[in-house]
Amino acid sequence: MQFRTRTRTRTALTAVLLTALALSGCSVLDDSNNGSPAGQAEGGGDPSQSAESDVPYDVVPLIKPKKKYYGAAVAGAPTSMKGVDAYTELTGKQPNLIEYYAAWGDGFDASGVRTAWKEGAMTLMSWEPFDTSVADIAAGKSDAYIKEYATAVRKLNLPVVIDFADEFNGHWEKWGTKYTTPKQYVAAWRHIHETFIDAGASNVIWAWSPNIINPVKSVKLEPYYPGDAYVDWVGLIGYWTIDDDNAFDSVFGPTIDQIRTFTKKPMLLLETAAMAGERRRADIRNLFAGVEADDNMLGFIWFNHKKRADWRLEASPLALQEFKQLAADDRFGFDVRKP
């Protein structure tokens, strides 16, 4: 599929729209927001409520902010923020990146995204095509759904992160290596991305998210990469388990090294946690230290669920105290409305 140069020109697109507004006699400032730029309300409010919401939200400052993302995946969020509030009380700091999972065919949770944003958090949706093949998506058989979804995202006009068909390099997913070729995966990703751009939904940060290569060393990642024009973040998925060495470089290093041979995009630990047990405190120290040490590592999302193992921080009180102490570091967390 040919790359269209407009797909990655977010800042330029915003500038063109602002110019068009000025030429048509419209003010580029929203009087109701006391002179704030159109599309971004005063004080980090809801830009979808501004008078000039035809201007897409500029996500560029959020792609590589000055501080690290401090994220969490918790039950019920963002539809309900009760789990996030409990996690905030548990760890002493409010997450500013909320991951949730949506099946292909689900509608866009605009209300949940808006609620999270009002609390200073951006949402990251892991979009999982359980009942639709990646090949069919690439062939355009879901186009009506994608267009409807993209239109809803654009209408809300808040920054969102989308991660399509993560862990594609694993054999365990229905869209993984047993069912999808690299060519099909890349074609589907590009098709979805371009459909969003055609709908004007440039308020999306796109996260391409392989599982760490440690359990699937024979699967090369580069053939699955859609290209820098279609990706904003590389989102790594990997966990600390009691059977493997727990150094940060042992868990994530081989994957990072391989990815750096074909892209320099910033990285996020999109889904991570440490297995409960005596070693969890050390694993948590390695997590924070590893993310802090790499300027191109944007932060992490802790998977606070009990699924296949108990990844919840509350499962290990001593490790929780370690986590809470390290999370207090000012380098982690910030109000996404004011990056």
> Ratio of region 282-339's C-alpha Rg to 2.2 N^0.38 Å, to two decimals?
Replying inline: 1.23
>> How much length would be gained if the chain were fully extended between A229 and R114, taking 0.36 nm per residue of separation minus their Cα-Cα distance, in nm to one decimal?
In response: 38.6 nm
> What are the lysines whose alpha-carbon lies under 18 Å from the alpha-carbon of K338, with same-chain residues fewer than 8 places away excluded?
Replying inline: K64, K66, K67, K68, K93, K118
>> I want to verify the translational diffusion coefficient of region 234-315 in µm²/s; compute it with Stokes-Einstein, Rh as the Kirkwood radius over Cα pairs, at 20 °C and 1.002 mPa s.
In response: 164
>> If I ignore ligands, DNA and RNA and count only protein heavy atoms, how much of L156 is accessible to a 1.4 Å probe, in Å² to the nearest 10?
In response: 10
>> I'd like the chymotrypsin sites (Phe, Trp or Tyr not before Pro) in region 161-255 restricted to DSSP loop residues with at most 11 other Cβ atoms within 10 Å, sorted by number.
In response: W172
> In what sequence, largest accessible area first, do E278, E167, E292 appear using a 1.4 Å probe?
Replying inline: E278, E292, E167
> What fraction of the Cα pairs in region 200-339, stated in percent, has a spacing above 20 angstrom?
Replying inline: 49
>> Could you give the length gained by full extension between E148 and D257, i.e. 0.36 nm per residue of separation minus their alpha carbon distance, to one decimal place?
In response: 35.5 nm
> Rounded to the nearest 0.05, what FRET efficiency do A103 and E278 have when you use their Cβ-Cβ distance and R0 = 51 Å?
Replying inline: 0.85
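Work out, step by step, the length gained on full extension between E292 and D85: first 0.36 nm times the residue separation, then minus their alpha carbon distance; give nm to one decimal. Each step should come with its number before you reach the end.
On the way: separation 207, 0.36 × 207 = 74.52 nm, distance 2.50 nm.
The span from E292 to D85 would gain 72.0 nm if fully extended.
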>> Which lysines, if any, have their Cα less than 21 Å from the Cα of K174, not counting same-chain residues under 8 positions apart?
In response: K141, K183, K217, K220, K307
> Which translational diffusion coefficient, to the nearest whole µm²/s, is obtained for region 88-208 from the Stokes-Einstein equation, given a Kirkwood hydrodynamic radius over C-alpha pairs, 25 °C and 0.890 mPa s?
Replying inline: 163
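Within 10 Å of each candidate Cβ there may be at most 12 other Cβ atoms; applying that plus a DSSP loop requirement, which chymotrypsin sites (Phe, Trp or Tyr not before Pro) in region 57-145 survive?
Listed in order of number, the matching sites are F130.
Considering only DSSP states other than H, G, I, E and B, which trypsin sites (Lys or Arg not before Pro) in region 73-181 qualify as loop sites with at most 11 other Cβ atoms within 10 Å?
Listed in order of number, the matching sites are K178.
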> Rounded to two decimals, what ratio of Rg to Rh does region 81-132 give with C-alpha atoms and a Kirkwood Rh?
Replying inline: 1.05
> When the distances between all Cα atoms of region 184-249 are binned every 5 Å from zero, what whole-number percent does each bin get?
Replying inline: 3, 14, 22, 20, 15, 10, 8, 5, 2, 0
> In whole Å, what are the Cα extents of region 99-165 along the three principal axes, biggest one first?
Replying inline: 38, 21, 14
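The values are calculated or read from the model by the stated rules, or taken from the named source; none is laboratory data. Small disclaimer: the values here were computed from a predicted structure and weren't measured. FYI the Cβ positions are ideal-geometry reconstructions off the backbone, even for glycines, and counts take in every protein chain you see. Heads up: the accessible areas ignore ligands, DNA and RNA and are worked out on the full protein's heavy atoms, side chains in. Shrake-Rupley method; radii C 1.70, N 1.55, O 1.52, S 1.80 Å.
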